[in-house]
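The values are calculated or read from the model by the stated rules, or taken from the named source; none is laboratory data. Since the structure is predicted, the reported quantities are computational estimates derived from the model, not experimental observations. Cβ: placed from backbone, ideal geometry, glycine included. Neighbour counts: every protein chain shown. Surface areas here come from the heavy atoms of the whole protein model, side chains and all, with no ligands, DNA or RNA. Shrake-Rupley method; radii C 1.70, N 1.55, O 1.52, S 1.80 Å.
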Amino acid sequence: MLVGEIILVAFQSIRANMFRAVLTMLGIIIGVAAVITMLAAGAGAQRNIDEQIANLGSNILTVNASQFFARGISRNQLTLKIDDVAALRSEAQYLDLIVPELQNRGQLKFDNLNANARLAGTAPEYLELFNYDLEAGRFFTREEDDARKRVVVLGADIPERLESDARTLVGKTIDVNGQPFEVIGVLTSVGGGFGNSNPDQGAFIPLRTAEQRVFGSQNLENISVRVRDGVELERAMVDIERVLRKEHKILPGEANDFAIVDRREFLDTQQEAQQTFTYLLASIAGVSLIVGGIGIMNIMLVSVTERTREIGIRMALGATRLTILAQFLVESVTLCLLGGLLGVAIGFASATLLARYFEWDAFVSWQSVGLSSAFSVGVGLFFGIWPARRAARLDPIEALRYE
């Protein structure tokens, strides 16, 4: 009965000063909402990276054109050629798929609509290597690559930017850098990519078409390879290095003009950086919870002063110091808990808005909700102890004399 009465009196006190209570809770509401939103954005990005790692496979390597430094300035030197692909296919011993990419920016036009995209000339095995799927249509074939056909497969985001539907676009003709190309397929959404190469925002054409009809260049951005099952990646790296150093005529002792990268290592690093950034943002947002707690303590001290005579009357009627302590502590925790619940609701709504209208991959986890709620209760306990102790230690006679 005593516990129920304490809780009832706490709610009556809050309701009697509703506007002041809402202003007091504002710091807690903003803090919890900010923490929930930041953790949701971070969790969405984390889940996206996890899916990329799972889809990528554990046996894919990428050979990139190397960077070199001249007079302290970093410059990109496109050292990979289409002939390197032929050399790897004929001489490398531990590879079962080799997919080159010749990249540049592309201008796509459909009717009166324009869209910029990453235009990539690649091989027919592109989908198989990266485990991507098609939403509509098909990917180009080896015969179309050899014949330099003007066919294009679009990333998942491109149809929307051309104000069209994926299935509607298949079979239509669009202009790619001023040349007519037939749309033969549209990829399903991947939700991200390695580095700046997001397939959702790309357009893919046959390698030979890109080389001879669009870009007029044999310089490759990268070559992705799949290592045979049972072969260690380090052994495959040594094999690739041997073939390319021979093809590039690099003398012993000279540095490579290419770099071999394990994409999973890159994504693992990106994952760790994303986690650190998420926790940093959540920590910054959590500062407002501390500020809100200080506001709670301040208003509870004011409440103790205002209700000094009431405290004296309750003590005169038999209330113990422990009862008075519990009374004000429950009020403090109730304020923080209500603010925390409102903050969770606002944070959930903010994460939903980010996902729906800003196309952020936001995901609210129950762990973040529980953590934020528990932290808000902890703030109420911590910052409510001093005002509650001050109320409990009042002298009943002096409290009754207070005007």
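Residues T276, T269: which one is closer than 30 Å to V377 by Cβ, modelled with pLDDT under 85 and either outside any helix (DSSP H, G or I) or out of contact with any helix residue (DSSP H, G or I) (no Cβ under 9 Å at 6 or more places or on another chain) (or both)?
Just a single option satisfies the conditions, and that option is T276.
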Residue set D111, D133; condition at pLDDT 90 or above, open to solvent by 30 Å² or more (accessible area, probe 1.4 Å) and over 17 Å from I205 (Cβ atoms); output residue D133
So which residues in the range 132-160 are charged (D, E, K, R), free of Cβ contacts under 8 Å to residues at least 60 places away in the same chain and not in a loop (DSSP other than H, G, I, E, B)? E135, R142, E143, E160
Looking at the range 384-397, is at least one residue open to solvent by 40 Å² or more (accessible area, probe 1.4 Å), in a helix (DSSP H, G or I), out of contact with any Asp or Glu (no Cβ under 6 Å at 6 or more places or on another chain) and without any contact (Cβ under 8 Å) to a residue 40 or more places away in the chain? no
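Does I284 satisfy being open to solvent by 30 Å² or more (accessible area, probe 1.4 Å), more than 30 Å from E398 (Cβ to Cβ), assigned to a helix (DSSP H, G or I) and β-branched (V, I, T)?
Values: open to solvent by 30 Å² or more (accessible area, probe 1.4 Å): yes; more than 30 Å from E398 (Cβ to Cβ): yes; assigned to a helix (DSSP H, G or I): yes; β-branched (V, I, T): yes.
Here the answer is yes, as I284 does meet what is asked.
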Whether any residue in the range 366-376 is open to solvent by 30 Å² or more (accessible area, probe 1.4 Å) and hydroxyl-bearing (S, T, Y) is what I want to check. no
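Can you work out which of the residues in the range 202-241 that are among the polar types (S, T, N, Q) and not in a strand (DSSP E or B) is surrounded by the most Cβ atoms within 10 Å (Cβ to Cβ)?
Restricting attention to the range 202-241, the residues satisfying the condition of being among the polar types (S, T, N, Q) are 209, 212, 217-219, 222, 224.
Checking the rest, the ones that are also not in a strand (DSSP E or B) come to 209, 212, 217-218.
Working: T209: 24, Q212: 14, S217: 15, Q218: 16.
Among those residues, the one meeting the criterion is T209.
If we keep just the residues of the range 161-194 that are of a type in the set (G, A, S) and not in a strand (DSSP E or B), which is modelled with the lowest pLDDT? I'd like the intermediate steps shown before the answer.
First, the residues of the range 161-194 that are of a type in the set (G, A, S): 164, 166, 171, 178, 185, 189, 191-193.
So of that shortlist, the ones also not in a strand (DSSP E or B) come out as 164, 166, 171, 178, 189, 191-193.
On the way: S164: 86, A166: 86, G171: 93, G178: 91, S189: 87, G191: 68, G192: 58, G193: 54.
Step by step, filter the range 161-194, then rank; the result is G193.
Looking at the range 82-108 only, could you name the residues that are open to solvent by 80 Å² or more (accessible area, probe 1.4 Å) and more than 31 Å from the chain's Cα centre (by Cα)?
Step one: filter the range 82-108 for residues open to solvent by 80 Å² or more (accessible area, probe 1.4 Å), giving 83, 89-90, 93, 104-105.
Passing the criteria: D83, R89, S90, Q93.
Yes/no per residue for (1) of a type outside the set (D, E); (2) out of contact with any Lys or Arg (no Cβ under 8 Å at 6 or more places or on another chain); (3) within 14 Å of V190 (Cβ to Cβ):
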position	(1), (2), (3)
P124	yes, no, no
L127	yes, yes, yes
L134	yes, yes, yes
D146	no, no, no
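Here is a yes/no grid of residues against (1) open to solvent by 30 Å² or more (accessible area, probe 1.4 Å); (2) without any contact (Cβ under 8 Å) to a residue 12 or more places away in the chain; (3) under 14 Å from A65 (Cα atoms):
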site	(1), (2), (3)
V243	no, no, no
H248	yes, no, yes
P252	yes, yes, no
D257	yes, no, yes
Applying the selection to the range 343-359, what residues are of a type in the set (F, W, Y) and without any contact (Cβ under 8 Å) to a residue 60 or more places away in the chain? Y357, F358
Selection from the range 136-157 of residues that are crowded, with 16+ Cβ neighbours inside 10 Å and of a type in the set (V, I, T): V151, V152, V153
Just a yes or no: is a residue in the range 207-225 in contact (Cβ under 8 Å) with a residue 60 or more places away in the chain, within 25 Å of R89 (Cβ to Cβ), among the aromatic types (F, W, Y) and out of contact with any Ser or Thr (no Cβ under 6 Å at 6 or more places or on another chain)? yes
